[in-house]
Every structure is written in C-alpha cells, then in structure tokens.
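Step one of this worksheet: look at the structure below.
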Amino acid sequence: ISSAGSGTETHPRGGMMQIAILGSGLIGSSWAALFLAHGHSVAFADPRHDAHNEALPAVEAAWKGLQALCPLGALPKERIRFHLTIGAACENADFVQECGPDRLHIKQAMLAEAESTLAPHVIIASSTSSLMPSDIQMEMKHPERLLVAHPMNPPHLVPLVELVCGSKTTPETLDQAKSFYETLGRVTVVARKEVPGHIANRLTSALYREAVHMAAEGIASVEDIDKAIAWGPGLRWALMGPHLIYHLGGGAGGYRGYLEHLGPTQANRWKALGEPRMDKATIEALISGLQIELENLGNPSRNELEKARDDGLV
C-alpha cells in the first residue's frame, strides 16, 4: 500500500472516491478495509438494523492486517456509513462494489434499486464467484456499466481480482475498473469468455475435485491431502503459476522440453483422475477427516484459523 490513508490515491476520474458496498458481510467488510486504506470513503447497504455490530469488528480486524503492511493509523470510522437501503448507500457514489448473495434474481433486484439513484456513468462491479455478468445485467437500465470484479478471500490481503465483461459491458468500463483496482495494489486478470467460476475458481475446483476423490477412495487422509498442497506445490504456486512452474521443470529445454518429454505423463495422469459424487457418504467422510485434522492442530477456532491464515498472508 503506497501512501495509504493519505487521501492522495486517484481513480479514473481523479480524487478520492465515495464507494457504495452492497452487503456488509465477509467480502464486503474486507473490501471496505482496502478501500479505506487507500483514502476512500465507504457506504454500506444492509437491511439489517444491527449490521454494523458485525461489520465494524470485521473491518477493524482487516485493518490490523493492513497496518502490518503499512502504517495507517487508526481506522477512519468517520469515513464509514451504514444504510438500510441500497438507494441511500448509492447516493453520490463514484463506484459500486456489489457483494450480495449469489442468486441471480436477488442481484438483479439489488441493481435495479442501485440504478434508481446512481449517475449513468458510475461503474457497478459484482463480486460474484459463479454468476455470468450477461445474466446479471440483463434487466439493467445501463448494462454497459456492469462487470464482474471477483476477489479471492480475503480481498484486503489477496491481490487477485478477476474481471469479466458481459455481452453489453463497454471496453471503457473494463479499462476504468482495471485502472481503479490497480490503484489499490490489486493484480487484475481478464477472462476473455464468460464461464462458471471465471478463472481462479475453475482451477481451484479442478484441484478440489481430485482432493475429494482421493479422500473418498481412501488414497490419503484429508489431513495428508491438505499437507501435500500446503507444504508442496502450494509454496511454488505462491510465486508462479503452473505454466511457469513447468517451464522451469523442463530444464534447459524450457516449457517445450517439458511438454514434449513429460507432457504424455501428464495426459496419463488425467485419465486416472476421479469424478467423485458429493453424496452423503462422501460429505460425512470429508467432515470426519477434517475433524481429525483439526484435532491434530489442537482444535483451533474458526477465528484462530482465520488469524493464522491472514498473518501468513501478511
């Protein structure tokens, strides 16, 4: 975070931004901490009268992680507002980060209310992990302003933001959103096609499918499967993606050398990969295996695990 909290950060139209966050849950609160750290103001929209009782502690916890990266001072609570309606939160907003439930009809209703007060040029970025932007924007008055900007949890610490355009999204919307997120120190990737899971979640789903298969088939325990990732390829993946990793694996021959000599072994392994069913027996086996893993870790609480994860990310 460069000059975080100084109020000097800019967006495509210049100056500090008033950002409406639709939903004050896990993702919305994390986004808020990041926006605040870069000098912007946030307005939450949440119909629950006590939403601030959960959201503020979450923002404060995220703020502590950001403080470990850069001296930010105290959380600027004066730049945080809560509203019961989406229309009120979107008044005078320069940008909208939508973090509502991943249900198409709910998002469409939320955006209809947002458009009732937003200026036509204000971008709406959806944090959806699974829905297609073309479907979300189908009933909008100004569909050209909508795109997906999907983060990895927690957004304030994990830099990746996946950008996905719908059929009616303009190139200008994509360019402005990309520029905005990059001012926040985010690493943006652009999906060239609309597909379920965008980019990163498709990759993690492929890995998780095999993790479930191995546990269900008794190939390895849940705990050892987790260890195999965390203490093996996961360490390399934190630095490089699979293509660069195998480029190095090819030695002097690089990626071509790897693919020509070891590519067939990859294809053979693909044939052996499983297609597990997420049935009751599999679910119970996974939960039982995870419980053993947690017991071996000393039964940490969810909050303790989140803290360990966030401390490690910092």
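The values are calculated or read from the model by the stated rules, or taken from the named source; none is laboratory data. None of these values were measured; they are calculated from a predicted model. Quick reminder, even Gly has a Cβ in these numbers, built from the backbone with ideal geometry, and neighbours come from all protein chains shown. To get the accessible areas, we keep the full protein, side chains included, count just its heavy atoms, and leave off ligands, DNA and RNA. Shrake-Rupley method; radii C 1.70, N 1.55, O 1.52, S 1.80 Å.
To the nearest 0.05, how large is the calculated FRET efficiency for Thr282 and Glu182 if R₀ is 41 Å and r is the Cβ-Cβ distance?
Values: r = 41 Å, r/R0 = 1.00.
FRET efficiency, Thr282 to Glu182: 0.50.
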Ignoring ligands, DNA and RNA, what percent of the 1.4 Å accessible area of the chain is carbon and sulfur? 58
Using just the helices of the chain, give the 222 nm mean residue ellipticity in deg cm²/dmol: DSSP H runs with n ≥ 4 each add -39,500 (n - 2.57), and the total is spread over all residues, rounded to 500. -14500 deg cm²/dmol
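How large is the convex hull of the Cα atoms of the chain per residue, expressed in Å³ as a whole number? Write down the numbers at each step before the final one.
Values: hull volume 52.4 nm³, N = 314.
Per residue, the Cα convex hull of the chain comes to 167 Å³.
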Let me see the pair-distance distribution of segment 1-152: every alpha carbon pair, 5 Å bin width, integer percents in order. 2, 10, 20, 22, 21, 14, 8, 3, 0
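Got the relative contact order for segment 104-189 handy, in percent, Cα pairs under 8 Å and 6 or more residues apart?
Details: 123 pairs, mean separation 22.1, N = 86.
Contact order relative to length: 26 percent.
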Projecting each Cα onto the charge dipole of the chain (Lys/Arg +1, Asp/Glu -1 at the beta carbon, about the Cα centre), which of Thr282, Ile86, Leu160 comes out farthest on the positive side? Leu160
Pull up all non-local amide H partners of Thr128: gap of 5 or more, or a different chain, and H-to-H distance under 5 Å with H placed in the peptide plane. Ala149
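May I ask you to give the solvent-accessible area per residue for segment 108-154, in square angstrom, as obtained with a 1.4 angstrom probe? Display every interim value, and only then the final one.
On the way: 1640 Å² over 47 residues.
Value for segment 108-154: 35 Å² per residue.
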Taking only Cα atoms of segment 159-278, radius of gyration then Dmax in Å: 18.0, 51
For segment 298-314, in residue order, the Karplus 3J(HN,Hα) values (coefficients 6.51, -1.76, 1.60; θ = phi - 60°; whole Hz; Gly and Pro = x) are x, 6, x, 6, 4, 4, 5, 5, 4, 5, 4, 4, 5, 4, x, 5, 4
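Out of the DSSP beta bridges found with both residues in the chain, what percent are antiparallel (nearest 5)? Walk me through the intermediate numbers first.
Details: 5 of 30 bridges.
Percent antiparallel among DSSP bridges in the chain is about 15.
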Could you give me the percent of Cα pairs per 5 Å distance bin for segment 132-189, shortest bin first, beginning at zero and ending with the bin that holds the maximum distance? 4, 22, 27, 20, 15, 9, 2
What would the Debye formula give as log10 I(q)/I(0) at q = 0.18 Å⁻¹ for the alpha-carbon point model of segment 62-183, no solvent? -1.01
Would you mind getting me the FRET efficiency between Met138 and Leu207? Use the beta-carbon distance for r and R0 = 45 Å, nearest 0.05. 0.90
Suppose each label sits 7 Å from its Cα in the direction of the beta carbon; what would the Lys227-Leu273 distance come out to in nanometres? 2.5
Roughly how many Å² of Cys90 are accessible to a 1.4 Å probe, to the nearest 10? 0
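Output the relative contact order of segment 127-279, whole-number percent, from Cα pairs under 8 angstrom with separation of 6+ residues.
Values: 160 pairs, mean separation 26.0, N = 153.
Relative contact order here is 17 percent.
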The chain: relative contact order as a whole-number percent, Cα under 8 Å and 6+ apart: 14
Calculated FRET efficiency, Leu294 and Leu235, Cβ-Cβ r, R0 22 Å, to nearest 0.05? 0.50
Cα-Cα pairs of segment 187-227 separated by more than 14 Å (percent): 56
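Which GluC sites (Glu not before Pro) from segment 73-180 combine a DSSP loop assignment with at most 16 other Cβ atoms within 10 Å? Before the final figure, lay out the partial values.
On the way: sites: Glu78, Glu91, Glu98, Glu113, Glu115, Glu139, Glu144, Glu162, Glu172; in loops: Glu91.
Passing both the DSSP loop test and the Cβ count: Glu91.
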Spin-label model distance (nm) - Arg192 vs Ser167, 7 Å beyond Cα toward Cβ: 2.1
Between 0 and 90 degrees, rounded to the nearest ten: what's the tilt of helix 254-272 against the longest Cα principal axis of the chain? 80
How far is it, in nm, from the label point at Ala112 to the one at Asn303 when both lie 7 Å from their Cα along the line to the Cβ? 4.0
Pop out the ³J(HN,Hα) list for segment 98-115 in order, Karplus 6.51 cos²θ - 1.76 cosθ + 1.60 with θ = phi - 60°, rounded to Hz; leave Gly and Pro as x. 8, 10, x, x, 7, 10, 4, 5, 5, 5, 4, 5, 4, 6, 4, 5, 4, 5
